[in-house]
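Each remark here refers to the structure printed beneath this line.
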Amino acid sequence: MTLYADFAPRRARQIIADLSAVVVLALAIVAGVTVHGVIAAFGKAFGRLEDAGTGFQDTMGELGESLSGLPLLGDGVRGILDSAAGAGGSLADAGRNGQAVIESIAVGAGVGVAALPIAIVLLVWLLPRVRFVLRARTTRALLALEDGHSLLALRALDDATAKELARISPRPVRAWLAQDAEVVHRLAELEARDAGIRLPERRAGARAQPA
């Protein structure tokens, strides 16, 4: 698998882009985790509310249990304390619900903060890199064929601009049909370079293989 171009300037740009992408992805993840932590910290207040409610509920319940045996007043006191314990339970439930809401907000905000730069990086960096790797692999596979140079030259006739073709030959199609070795090599070289592949030097006196 070819990850980087054979040509130093383009290879350097690709390496810099890869390192930059990794840095941006890392920063995006750190930012998302930080935002989550900041928002989740507000849930501590609801945690304290839950603890207070639970503690109050337990205390009232224990008192009701202890005083329920008092003559005459036991049942009345037990009912009052049980009601107070229920209020403590409601307070604890409110604390738990508040924590759940804060955690949901923290997760959503953290993911949102991290997802946007990650999506941009994947769109701007990863897709072109994948296209490069696939094209470089296809180009090397064509070069491995006996008539690979001629096939690459044919692709260049379709991919290259008119200005690029004119620099190679005023009649590139006719030259390719005639299998002009020099033109075929230069066309193949143009296509290979565009794919980031260095074409082997043409041996003197070598003739282009027929397509």
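The values are calculated or read from the model by the stated rules, or taken from the named source; none is laboratory data. From a predicted model like this one, the values you see are computed outputs, not experimental measurements. Here the Cβ is made from the backbone with ideal geometry for all residues, glycine too, and neighbour counts use every protein chain on show. For the accessible areas, the whole protein counts, side chains as well, though only heavy atoms, and no ligand, DNA or RNA atoms are used. Shrake-Rupley method; radii C 1.70, N 1.55, O 1.52, S 1.80 Å.
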Practice item. Express the carbon and sulfur contribution to the solvent-accessible surface of the chain as a percent, rounded to the nearest whole number, probe 1.4 angstrom. Key: 65 percent
Review point. Per residue, what accessible area does segment 107-157 have, given a 1.4 Å probe and all protein chains present, in Å²?
Key: 56 Å²
Check your understanding: Under the rule of -39500 (n - 2.57) per DSSP H run of 4 or more residues, summed and divided by the residues of the chain, what mean residue ellipticity at 222 nm is obtained, to the nearest 500 deg cm²/dmol?
Key -> -26500 deg cm²/dmol
Check your understanding: Using only the Cα atoms, what convex hull volume per residue in Å³ does segment 98-197 have?
Key -> 110 Å³
Exercise for review: Could you pull out the longest piece of the chain with no exposed loop GluC sites (Glu not before Pro) in it, calling a site exposed if DSSP puts it outside H, G, I, E, B and it has at most 10 other Cβ atoms within 10 Å?
Suggested key: 1-145
Practice item. Leaving ligands, DNA and RNA out of it, rank His185, His36 by accessible area with a 1.4 Å probe, largest first. Key: His36, His185
Review point. If one takes the longest principal axis of the Cα atoms in the chain, at what angle in degrees, from 0 to 90 and to the nearest 10, does the Cα axis of helix 43-67 lie?
Key: 30 degrees
Check your understanding: Which semi-axes, in whole Å and largest first, does the equivalent ellipsoid of the chain have when worked out from the alpha carbon gyration tensor as the square roots of 5 times its eigenvalues?
Key -> 79, 14, 12
